[in-house]
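Engineer: Take a look at the following structure, please.
Computed from the coordinates by the stated procedures, all read-outs in this text should not be read as laboratory data. A quick note: this is a predicted structure, and the numbers were derived from the prediction, not measured. For neighbour counting, all protein chains shown are included, and Cβ atoms are generated from backbone atoms with ideal geometry for every residue, glycine included.
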Amino acid sequence: MTSRIDRPILISACLAGIDCTYRGKNKLKPSIKKMADDGIAIPVCPEVMGGLGIPRENSEIVGGDGMDVLKRRARVITISGKDVTEIYIKGAKAVLAIARIYSVRKAILKSKSPACGVGRIYDGSFTKKLKNGSGVTASLLCQKGVKVYSA
């Protein structure tokens, strides 16, 4: 029998073992998968929820961070130069809708991601360099009062 709680936690789906990273793989963290299996966490993938496929081109935020994207001061760009900003915003809003439906107060999201990164994200140069800032979904959730943690 699985246990259920009134206020589940949002988790990045890739951390729960779901093959949804841009490479079509996962970033399994067994303890986070167990939370999903036990019904205390809801797996989400903002990129897929926004309309991107699996696999997909690598994307990074150029010109700022997730909050800047939400304020239309920065863009999310693929490695080939395609602007996918609106898809990332759409995915972030879809995750927020789930958070509101379930009165979510906490989220554990994938580090460094342009959607889910918390505190540190790739710098937009596609050279694996990091900069301070959070991804689009992490920023929106924080703005709306959800405590967001990185894994």
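Engineer: Going through the cross-link list LYS71/LYS129; LYS29/LYS71; LYS82/LYS144; LYS29/LYS129; LYS29/LYS131, which pairs have a Cα-Cα distance over 26 Å in this structure?
Structural biologist: On the way: LYS71/LYS129 23 Å; LYS29/LYS71 32 Å; LYS82/LYS144 29 Å; LYS29/LYS129 24 Å; LYS29/LYS131 24 Å.
Beyond 26 Å between Cα atoms: LYS29/LYS71; LYS82/LYS144.
Engineer: If each residue of separation counts as 0.36 nm, what is the full-extension length gain between GLN143 and ILE79 once their alpha-carbon separation is subtracted? Present the calculation step by step, with values, prior to reporting the outcome.
Structural biologist: On the way: separation 64, 0.36 × 64 = 23.04 nm, distance 2.78 nm.
Separation in residues times 0.36 nm, less the Cα-Cα distance, equals 20.3 nm.
Engineer: For LYS25, which aspartates and glutamates qualify as cross-link partners when the Cα separation must be under 20 Å and same-chain residues fewer than eight apart are set aside?
Structural biologist: In chain and number order, the partners are ASP37, GLU47, GLU57, GLU60.
Engineer: Give the aspartates and glutamates reachable from LYS33 as a straight Cα distance under 15 Å; neighbours fewer than 8 places away on the same chain don't count.
Structural biologist: ASP19
Engineer: Moving on to the next point. 222 nm [θ] for the chain, helices only, -39500 (n - 2.57) per DSSP H run of 4+, per residue, to 500?
Structural biologist: Working: 5 runs with 43 residues, N = 151.
Mean residue ellipticity at 222 nm (helix-derived): -8000 deg cm²/dmol.
Engineer: Also, quick follow-up: With a cut-off of at most 10 other beta carbons within 10 Å, and DSSP calling the residue loop, which chymotrypsin sites (Phe, Trp or Tyr not before Pro) in the stretch 1-109 qualify? Please list them.
Structural biologist: Details: sites: TYR22, TYR88, TYR102; in loops: TYR22, TYR102.
Filter output for the stretch 1-109: empty list.
Engineer: For ARG72 and LYS112, compute 0.36 nm times the residue count separating them, minus their Cα-Cα distance, and round to one decimal in nm. It would help to have the intermediate numbers written out before the result.
Structural biologist: Working: separation 40, 0.36 × 40 = 14.40 nm, distance 2.03 nm.
Length gained between ARG72 and LYS112: 12.4 nm.
Engineer: Against the 2.2 N^0.38 Å scaling, with N counting residues, where does the stretch 56-134 land? I'd like the Cα-based Rg ratio to two decimal places. Don't skip to the end; give the middle numbers.
Structural biologist: Working: Rg = 12.5 Å, N = 79, 2.2 N^0.38 = 11.6 Å.
The reported ratio for this selection is 1.08.
Engineer: Using θ = phi - 60° and the Karplus curve 6.51 cos²θ - 1.76 cosθ + 1.60, what whole-Hz ³J(HN,Hα) does each residue of the stretch 62-67 get, with Gly and Pro shown as x?
Structural biologist: Per residue, the Karplus-derived 3J(HN,Hα) values read 10, x, x, 10, x, 5 Hz.
Engineer: Test of understanding: what is the full-extension gain from ALA151 to LEU130, defined as 0.36 nm times their sequence separation minus their Cα-Cα distance?
Structural biologist: Working: separation 21, 0.36 × 21 = 7.56 nm, distance 1.57 nm.
In short, 6.0 nm is gained.
Engineer: Here is a follow-up. Can you give me the Rg/Rh ratio for the chain, using Cα atoms for both radii and the Kirkwood formula for Rh?
Structural biologist: Values: Rg = 14.4 Å, Rh = 15.0 Å.
Looking at the chain, the ratio lands at 0.96.
Engineer: Mind listing which trypsin sites (Lys or Arg not before Pro) in the stretch 44-109 are in a DSSP loop and have 15 or fewer other Cβ atoms within 10 Å? Could the numbers behind the result be given before it?
Structural biologist: Working: sites: ARG56, LYS71, ARG72, ARG73, ARG75, LYS82, LYS90, LYS93, ARG100, ARG105, LYS106; in loops: ARG56, LYS71, ARG72, ARG73, LYS82, ARG105.
The qualifying sites are LYS71, ARG72, ARG73, LYS82, ARG105.
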